[in-house]
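The values are calculated or read from the model by the stated rules, or taken from the named source; none is laboratory data. Everything quoted here is computed from the prediction, not taken from an experiment. Cβ placement follows ideal geometry from the backbone for every residue including glycine, while neighbour counts extend to all protein chains displayed. The protein model used for the area step is the full one, side chains on, heavy atoms only, and it has no ligands, DNA or RNA in it. Shrake-Rupley method; radii C 1.70, N 1.55, O 1.52, S 1.80 Å.
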Amino acid sequence: MRLFFLIVTMILSAPTFAETKVIEQVMDMNVENIDKMYQFIPDYVEIQPGDKVLFKGTVGSHTAHSIQGMLPDGAKPIMISGSNAQEVSFDKPGVYGIKCKVHHRHGMVALVVVGDPSVNIVEARAAAKKRVSRRSQQKMQDLLDKAEATIQ
């Protein structure tokens with residue numbers, strides 16, 4: 001019986017490993033629609049607090065930056081540029097709007113949902129209306145709709 005409790009205790013106290021998702025920044029010069037030329041792939045990621053996202057392809061003029069007002073209170077803004085790949089840890093629940101500072105006007109925006117999106121989705125929606133370019137507006141609102149649909 002002691003062995004059973006020892007095994008159960010070890011399993012329950014085993015460390016959990018944070019998951020790492022990858023978002024690639026892609027430029028496809030062969031597409032006819034300029035709004036598809038510059039993209040984050042995927043442009044929507046769901047993770048849990050403590051998980052990480054590896055942003056790949058932030059070289060040349062590509063960047064990955066937080067959209068002002070589209071991150072939870074107390075979360076550290078994301079500012080990546082001139083790096084082939086950089087990992088970011090997301091510890092605070094909520095939604096994080098991400099844009100390429102150069103190509104967001106062509107729809108290069110993404111949404112990272114960490115745990116419960118209801119934490120700041122209302123504020124993020126309002127900020128998106130002010131801080132996301134006109135051409136990216138519908139895409140970001142669609143991503144926020146997708147996050148909102150997960151709220152129970």
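Residues checked against (1) at pLDDT 95 or above; (2) open to solvent by 20 Å² or more (accessible area, probe 1.4 Å); (3) of a type in the set (Phe, Trp, Tyr):
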position: 93; (1), (2), (3): yes, yes, no
position: 102; (1), (2), (3): no, yes, no
position: 115; (1), (2), (3): yes, yes, no
position: 127; (1), (2), (3): yes, no, no
Mind listing whichever residues of the range 129-147 are closer than 19 Å to residue 25 by Cβ and open to solvent by less than 10 Å² (accessible area, probe 1.4 Å)?
-> 136, 140
Flag if residue 114 is within 15 Å of the chain's Cα centre (by Cα) and not charged (D, E, K, R) = yes
Write out, first by first residue and then by second, each pair whose Cβ atoms fall under 7 Å of each other, whose residues are 6+ apart or on separate chains, and whose first residue, in the range 100-111, is β-branched (Val, Ile, Thr) while the second is in a helix (DSSP H, G or I).
-> 109/136; 109/139; 109/140
Of the listed residues (37, 70), the one being touching an Asp or Glu at 6+ places or on another chain (Cβ under 9 Å), of a type outside the set (S, T, N, Q) and modelled with pLDDT under 95 is 37
Considering only residues of the range 40-67 that are β-branched (Val, Ile, Thr) and open to solvent by 20 Å² or more (accessible area, probe 1.4 Å), which is modelled with the lowest pLDDT?
-> 59
